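What follows is a short report on a single structure.
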Amino acid sequence: MSENPLEPIFKTFQRISNSIQTQLFSFTGLAIHPSPSNEKPLLSLSPSNKPNSSYPTDISAKGKASQPVTKEDLGRSTWTFLHTLAAQYPEHPTRQQKKDVKELMTILSRMYPCKECADHFKEVLRANPVQAGSQAEFSQWLCHVHNVVNRSLSKPIFPCERVDARWGKLDCEQRLCDLQGTTTFGDDI
Ligand code: FAD
């Protein structure tokens, strides 16, 4: 046999390892290739945090150079996360789920890794307290606050009656991704 029987395992391990490194690099801002577009990288290298020159530079699992994350990339990914969460949010959430979603928004307004955005979002939340009593209420509230941000950036206003068409539930076999809410109104856990 010409091939080492353990080689597929080593290759898989290497792919996973590369993928983790790619993620870590993009989250820590240590990506070392220039942005492809005119979007300004959110984080860039300073001389003091440059990786050792012997460190591998092209670390993407697919052979694609890793790119710095821009404020726009981060925004799109975060909105995708939030609107998908809203689409998956239960019709009848538990008390804990309502509390969690409010805390999540508060934490986002403190920890969002773009300070100007976080500060602005704090004000948006102050003027528009989270409404998450049901799936419809939460997704409409989120659409509204996303529009507040859109307006401040002179972006088009999204028609919130179309939010369910734009952001459907996660495509997940046998509804394994569904968040479980309460089965009846009085069944708060
Ligand atoms: P995005 O606004 O990222 O939207 C992604 C997609 O969502 C759109 O293509 C559209 O299909 C859909 N969409 C748009 N509006 C709605 C809506 N109302 N409801 C449902 N779906 C919608 N950037 C700044 O420069 N300054 C800031 O202060 C700032 N604050 C932010 C605060 C938060 C909490 C977040 C998550 C992002 C913030 N951003 C900010 C980033 C900004 O909102 C955009 O994400 C970024 O500019 C990229 O915009 P985009 O045009 O690709 O679409």
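Summary of computed values
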| item | result |
| --- | --- |
| Listed residue pairs exceeding 22 Å between alpha carbons, taken from Lys71/Lys98; Lys99/Lys155; Lys122/Lys169; Lys102/Lys155; Lys115/Lys155; Lys98/Lys155 | Lys71/Lys98; Lys99/Lys155; Lys122/Lys169; Lys102/Lys155; Lys98/Lys155 |
| Amide hydrogen neighbours beyond the local backbone of Thr70, cut-off 5 Å, H modeled | Leu42 |
| Whole-Hz couplings from phi, Karplus 6.51/-1.76/1.60, listed for the stretch 168-183; x for Gly and Pro | x, 5, 5, 7, 9, 4, 6, 6, 5, 8, 4, 7, 8, x, 8, 8 |
| Dimensions in Å of the stretch 111-189 - Rg and Dmax from alpha carbons | 15.5, 43 |
| For the stretch 79-152, the Rg and Dmax computed from alpha carbons only, in angstrom | 11.8, 34 |
| Of Thr94, His120, Ala132, farthest towards positive along the dipole that unit charges on Lys, Arg, Asp, Glu beta carbons give the stretch 92-142 | Thr94 |
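We did not get these values from a lab; they are worked out from the coordinates using the rules stated. Here the structure is a predicted model, which means the values were calculated and not measured. Neighbour counts are summed over all protein chains in view; Cβ atoms, including those assigned to glycine, are modelled from backbone coordinates with ideal geometry.
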